[in-house]
1. For CYS90 and VAL5, calculate 0.36 nm times their separation in residues minus their Cα-Cα distance, and state this gained length in nm to one decimal.
2. Mind listing the lone cysteines of the chain, meaning no other Cys beta-carbon sits under 4.7 Å from theirs?
3. Considering only protein heavy atoms, with the full assembly of protein chains and a 1.4 angstrom probe, order MET128, MET185 by accessible area, largest first.
4. Could you give the dipole magnitude of the stretch 1-102 about its Cα centre, charging the beta-carbon of Lys and Arg +1 and that of Asp and Glu -1, in debye to the nearest 20?
5. At 222 nm, what value in deg cm²/dmol follows for the chain if DSSP H runs of at least 4 each add -39500 (n - 2.57) and the sum is divided by all its residues, to the nearest 500?
6. Give the label of the value calculated from the structure for Rg and Dmax of the Cα atoms in Å, choosing from (i) 20.2, 71; (ii) 16.7, 49; (iii) 24.9, 83.
7. Which Cα, out of LEU32, GLY51, GLY179, lies furthest along the positive dipole direction of the chain (beta carbon charges, K/R +1, D/E -1)?
8. I'd like the distance between the alpha-carbon centres of the stretch 159-189 and the stretch 78-111, rounded to an integer number of Å.
Amino acid sequence: GKGVVRAWFFQQLATSGTARDWTAFDRTLNALRARGVKAIATLVDQWGNCGSLDPTGAFKDEAWYTGDYTEVDPDGIVSYRDWVDEIVTCYKDDPAILAWEPVNEPEVRPFFEGGCSVDAGAKLQAFMTDVTGLIKSIDTNHLVSSGVIGSGQCGAQFTDYASLHAIPSIDLCSFHDYGESLVPMPGDEFNGLQFRLDQCATLGKPLIV
């Protein structure tokens, strides 16, 4: 009964040696299209342990969001930003895609165990403005989701969440609900699901959980 799936569309999954290979993505989209199912295509992972070739993981820290994403990805053959340009150009007309998701669970921290910088919100907004703006400049057919967890992570805490989703090139708000199935509305009044629903309603944008 499911109509939408979220799928990894990472650069390394479309790379064979030093060449681009779209076989895996074509197979996925063909299978979905045949079943009337659509994909939320996630283009990179915050944590790195979903897809990185680095055995220690490749957590994306503050430096990545403020410039390193434009450098060649060690798990790919081009930078993350160039990868976004490339894959969106390739599949911009594919009806099996529901939405693009730039990052799975983006958050801006100086390092893996670090706290939030005072300007984390501004840095995540600058990154998302650039990347989602790039997506929309290529593809006007599909939606764009923020992909954030939504429960108070660095860059999307409290009112920063609304500021992030106010970016015109982000169409969908996001909230990831982990293991709180007995709580209809998880979280508190600052970063909980009800507050996120209210914020997105004010923005006039749907929220996907």
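The values are calculated or read from the model by the stated rules, or taken from the named source; none is laboratory data. Keep in mind that this is a model prediction, so the values were computed, not measured. Cβ atoms come from the backbone with ideal geometry, glycine included; neighbour counts cover every protein chain shown. Accessible surface is based on the protein model in full, side chains and every heavy atom, while ligands, DNA and RNA are left aside. Shrake-Rupley method; radii C 1.70, N 1.55, O 1.52, S 1.80 Å.
1. Working: separation 85, 0.36 × 85 = 30.60 nm, distance 1.97 nm.
Computed gain between CYS90 and VAL5 is 28.6 nm.
2. Within the chain, the cysteines lacking a partner Cβ under 4.7 Å are CYS50, CYS90.
3. Numbers: MET128 0, MET185 85 Å².
Reading off the accessible areas and sorting them downward yields MET185, MET128.
4. Numbers: 10 positive and 16 negative charges, 158 e Å.
The calculation lands at about 760 debye.
5. Values: 6 runs with 67 residues, N = 209.
Rounded to the nearest 500, it is -9500 deg cm²/dmol.
6. This structure yields the entry labelled (ii).
7. The residue sitting farthest along the positive end of the dipole is LEU32.
8. If we compute the Cα centre of each part, the gap is 20 Å.
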